[in-house]
There are 2 protein chains.
Amino acid sequence: MDRRYFVRLAALSSLAGLFGPARSAEAGSSAEVATKATAEQQHLDAMHKYDALTGGPKLTIGMLVYPGMFLQDLVGPLAVFEALMNREIHLLWKTLDPVGNEQPGAPAALIPVKPTTTFANCPKNLDVLFVPGGVPGTLTMMEDPEVIAFLADKGKTARYVTSVCTGSLILGAAGLLTGYKATTYWALQDVLQELGAIPTPGRVVVDRNRVTGGGVTAGIDFGLQIVAMLRSEAYAQAVQLYLEYDPAPPFQSGSPEKAPAVVKQFLDEMFVGLKHAAKQTAIRARKRLG
Amino acid sequence: MDRRYFVRLAALSSLAGLFGPARSAEAGSSAEVATKATAEQQHLDAMHKYDALTGGPKLTIGMLVYPGMFLQDLVGPLAVFEALMNREIHLLWKTLDPVGNEQPGAPAALIPVKPTTTFANCPKNLDVLFVPGGVPGTLTMMEDPEVIAFLADKGKTARYVTSVCTGSLILGAAGLLTGYKATTYWALQDVLQELGAIPTPGRVVVDRNRVTGGGVTAGIDFGLQIVAMLRSEAYAQAVQLYLEYDPAPPFQSGSPEKAPAVVKQFLDEMFVGLKHAAKQTAIRARKRLG
């Protein structure tokens with residue numbers, strides 16, 4: 001989706017011509033290199049007609065990463081954001097140490113994530129401040145003074161303050177959802193109320209500049225919604241086709257209303273302790289906000 | 001979704017009781033620890049009624065990772081597989097060096113992935129052999145003799161041979177789709193034919209033990225389909241609710257048929273070079289197979 005990236009790739013790659021006009025993948029002589037450069041320029045020129053699908057001012061996107069987050073919550077929106085042109089993406093944490101290695105209270109994630117930017121080096125004004133969800137990490141983050149102070153500060157100036165899944169509980173604990181409609185993971189909607197937000201079940205909930213997504217896989221729907229707000233609907237549609245996002249779940253069990261009763265009951269019982277712990281954590285977090 | 005994991009977490013975690021029956025998160029005295037252990041046993045006992053949603057023999061899942069793969073292709077199915085009980089998941093590569101760091105011909109991925117298991121240490125009989133997609137990595141893998149030999153070997157004994165997105169082109173290059181119906185990324189359906197497969201557009205295409213998913217985001221639909229085949233439909237439904245997979249794309253542009261004409265045309269033009277390179281690569285790979 002990044003035209004310059006594709007052109008650079010074609011220029012640098014041993015797979016020369018991957019994204020340029022059709023030509024031999026074995027080009028190598030200086031005449032062929034010159035032809036390639038011309039072809040790339042022609043390709044770039046031809047693409048100008050699609051500026052509405054690719055253009056727009058530089059975007060600065062900051063995504064919190066933390067131990068005990070759920071990787072899909074991060075990677076869904078990231079897949080969308082990475083498809084944008086003219087953007088920088090920061091994976092934000094206290095340090096540059098990978099998160100998701102063995103931690104007290106959290107199992108090792110199969111894929112640890114290395115932050116790209118520390119809180120201290122985070123750009124001042126973010127176009128998007130994003131917080132993924134995941135347990136048990138969410139509950140720990142809700143009571144982590146350094147994380148809460150960082151989010152409260154960046155949330156003041158961010159163009160959009162956003163989350164997926166239980167990430168909204170962290171935003172709420174930082175005082176960023178007080179008086180805002182917001183959503184979270186289906187099993188924890190009640191907890192938002194303890195944080196001063198207005199629980200509003202939905203796949204993506206927009207209230208002024210707060211944009212919160214539902215559980216886990218809602219991150220892709222959320223990402224496309226944000227792109228439409230940052231760029232245009234046409235731009236988001238191009239990203240959607242790029243990601244072939246034409247979902248067709250083989251079953252209809254993705255919400256508590258749709259799931260078979262026994263499935264809903266199983267997860268309800270599994271989440272009894274989580275619901276209780278999340279509520280108690282929210283009450284403490286709210287008290288701290290004063 | 002992993003009952004034993006949740007119970008272990010409750011036992012070990014500073015967030016004690018997260019997934020057990022509701023009780024104070026501050027339990028700490030020995031009497032409280034004893035109460036906790038009893039509560040966990042009661043919880044485990046109570047959960048036995050859900051064995052149909054959580055039980056089943058040990059599953060061994062092997063997922064290829066490689067430079068230039070697309071992270072969502074891997075993480076969608078991984079989110080589903082991680083929700084299974086009684087499974088081991090191997091992220092397979094030649095070495096344990098992270099893939100996605102700067103590579104000739106491929107830009108650095110924002111999140112490099114550290115393999116967990118080398119080809120040499122891969123278990124002999126996999127329940128699932130899975131290959132994600134992504135360009136330019138796919139084209140490189142299609143002509144990498146070590147990767148092709150590894151997949152051809154494991155594919156002989158794997159219970160299911162599977163892919164998402166352009167991963168099917170790698171399976172095809174390893175001779176694993178000859179005579180099988182299969183799908184791939186929407187823009188590259190034609191390439192499957194060069195590899196001896198029967199191109200069959202679809203979100204998830206099942207032909208005997210070959211299960212191939214469409215582009216990128218199809219990985220979640222694919223994962224649920226595989227879980228239903230490995231465990232049961234009810235099990236897959238439980239995972240679906242756990243992941244709150246109730247997609248609601250804000251736009252209808254996820255397939256070439258649904259996308260607005262200008263969006264489709266833009267991506268078609270962007271992919272001209274890729275289509276050509278993929279076809280040439282497939283022709284060479286097929287020749288090598290003999």
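Brief remarks on what is shown
- Loss of accessible area when A meets B, both sides summed, Å² nearest 100, probe 1.4 Å: 8300
- Surface analysis of segment B:137-210 yields an accessible area of 32 Å² per residue, using protein heavy atoms and a 1.4 Å probe.
- Förster-model FRET efficiency, 45 Å R0, B:K275 and B:N125, C-beta, rounded to 0.05: 0.80
- Interface residues of segment B:266-288, defined as those with an accessible-area decrease of at least 50 Å² between the chain by itself and the complete set of protein chains (probe 1.4 Å), are B:F266, B:E269, B:M270, B:H276.
- Computed from label points 7 Å out along Cα-Cβ, the spacing between A:D97 and B:E146 is 3.2 nm.
- Segment A:231-290: C-alpha gyration tensor shape, a/c 1.5 cut-off, then a/b vs b/c: oblate
- Global form of segment B:199-270, assessed from the alpha-carbon gyration tensor, a/c cut-off 1.5: oblate
- Three-way shape label, segment B:142-290, alpha-carbon gyration tensor, a/c 1.5: oblate
- Computed from the C-beta positions of B:L289 and A:Q252 and an R0 of 51 Å, the FRET efficiency is 0.80 to the nearest 0.05.
- Potential lengthening of the chain between B:N86 and B:S232 amounts to 51.1 nm, from the contour at 0.36 nm per residue minus the alpha-carbon distance.
- Shielding of A:215-223 by partner chains, average beta-carbon count, 10 Å: 5
- Close amide H partners of B:Y160, meaning residues 5 or more places away or on another chain with modelled amide H under 5 Å apart, are B:V128, B:L129.
- For the residues of A:230-240, the average number of beta carbons from a partner chain within 10 Å of their own beta carbon is 5.
- Within-14-Å neighbourhood charge of A:V216 [Cβ basis; K, R +1; D, E -1]: -4
- Heavy atoms of A:H276 accessible to a 1.4 Å probe, total area in Å² rounded to 10: 60
- Per-residue packing, averaged as other Cβ atoms within 10 Å, sorts the ranges B:191-202, A:109-120, A:63-74 into the order A:63-74, B:191-202, A:109-120, beginning with the highest.
- When A:D268, B:D97 are compared by accessible surface with a 1.4 Å probe, the order from highest to lowest is B:D97, A:D268.
- Of all accessible heavy-atom area on segment A:205-248, the percent that carbon and sulfur account for (1.4 Å): 40
- Shielding of B:72-85 by partner chains, average beta-carbon count, 10 Å: 4
- For the residue pairs A:K114/A:K154; A:K58/A:K94; A:K181/A:K264; A:K94/A:K124; A:K124/A:K181, the alpha carbons lie more than 18 Å apart in A:K114/A:K154; A:K58/A:K94; A:K181/A:K264; A:K124/A:K181.
The values are calculated or read from the model by the stated rules, or taken from the named source; none is laboratory data. On a predicted model such as this, the values are computed, not experimentally measured, just so you know. Counting neighbours? That spans all protein chains shown, and the Cβs are built from the backbone with ideal geometry, glycine included. The area values use the complete protein model at the heavy-atom level, side chains included, leaving out ligands, DNA and RNA. Shrake-Rupley method; radii C 1.70, N 1.55, O 1.52, S 1.80 Å.
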